[in-house]
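**Student:** The structure is given below, and queries will be raised subsequently.
The values are calculated or read from the model by the stated rules, or taken from the named source; none is laboratory data. Values in this document were obtained by computation on a predicted structure and should not be read as measured data. Please note: Cβ atoms are built from the backbone with ideal geometry, for glycine as well, and neighbour counts cover all protein chains shown.
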């Protein structure tokens, strides 16, 4: 599967402008025919806002992504709010919803927990043979979520609104989640300014050995992997270095006797 990461300067709470930007970026891309799966950042159409009404997806927003998937024959993962939950939603090439994940760890430091509801369950789904585990932004700082599903996962995807001042944390954590779980890990962030907050993008994908598959830097655009995501590489890496099988339960996870 050929993966693409889209990072762009989201216009604050302006869904129409952001739909136009996404359409232009995709339609004008010289390699768009190569894309099998494209991933967008957190709250794709609104930016990371505490204005719940501005972030909530309506039928026209959902239809926008359905049409995008069908028209371009691509799988799509995007962010948006539904029913008060900050979600990562994935569509197949037909525009059918194949997964929705609600962010478990809300960013209390920024007041997210005062405006949105926290999800309470992890998710793993299959997309054209790849086993995928979704996560949203702050979830990336909690490795147990990734450890917990490692045996079932070929690729982790994390969408985010991660500030530039902590960009090193973002890139380090993405690589760490890939290396420690011997799986691909792709993360998509936005670029631009949001009030006084700057976003630098740095959307990336790492392979199971921590090697860079995609490095988007700080530019706006759609960045496509030169090699396909290969689940056989995950299997071969885990066979050669069977570290996951050596993990032990922590004392507080053991059953009381």
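**Student:** What residue, of 198, 168, 152, 100, is surrounded by fewer than 21 Cβ atoms within 10 Å (Cβ to Cβ) and within 17 Å of residue 78 (Cβ to Cβ)?
**Tutor:** The match here is 100.
**Student:** Looking at (1) buried (at least 17 other Cβ atoms within 10 Å of the Cβ); (2) not in a helix (DSSP H, G or I), which is the one condition that is false for residue 126?
**Tutor:** For residue 126, the failing item is (1).
**Student:** Would you confirm whether or not region 51-59 contains a residue that is in a loop (DSSP other than H, G, I, E, B), in contact (Cβ under 8 Å) with a residue 12 or more places away in the chain and on the phi > 0 side of the Ramachandran plot?
**Tutor:** Scanning region 51-59, I find no residue that is in a loop (DSSP other than H, G, I, E, B), in contact (Cβ under 8 Å) with a residue 12 or more places away in the chain and on the phi > 0 side of the Ramachandran plot, so the answer is no.
**Student:** To continue, here is another question. Among residues belonging to region 171-186 that are out of contact with any strand residue (DSSP E or B) (no Cβ under 7 Å at 6 or more places or on another chain) and part of a helix (DSSP H, G or I), point out the one that is surrounded by the fewest Cβ atoms within 10 Å (Cβ to Cβ).
**Tutor:** 172
**Student:** Another question, then. Within region 194-225, how many residues are part of a loop (DSSP other than H, G, I, E, B) and modelled with pLDDT of 95 or more?
**Tutor:** Qualifying residue count for the region: 14.
**Student:** Can I ask one more? Mind checking which pairs have a first residue in region 4-22 that is on the phi < 0 side of the Ramachandran plot and surrounded by fewer than 17 Cβ atoms within 10 Å (Cβ to Cβ) and a second that is assigned to a strand (DSSP E or B) and at pLDDT 95 or above, Cβ under 6 Å, 6 or more apart or different chains?
**Tutor:** Pairs found: 9/191; 9/192.
**Student:** Also, I was wondering about something else. Could you list, in sequence order, the residues of region 217-227 that are closer than 16 Å to residue 32 by Cβ and either surrounded by 13 or more Cβ atoms within 10 Å (Cβ to Cβ) or in contact (Cβ under 8 Å) with a residue 60 or more places away in the chain (or both)?
**Tutor:** 220, 221, 222, 223, 224, 225
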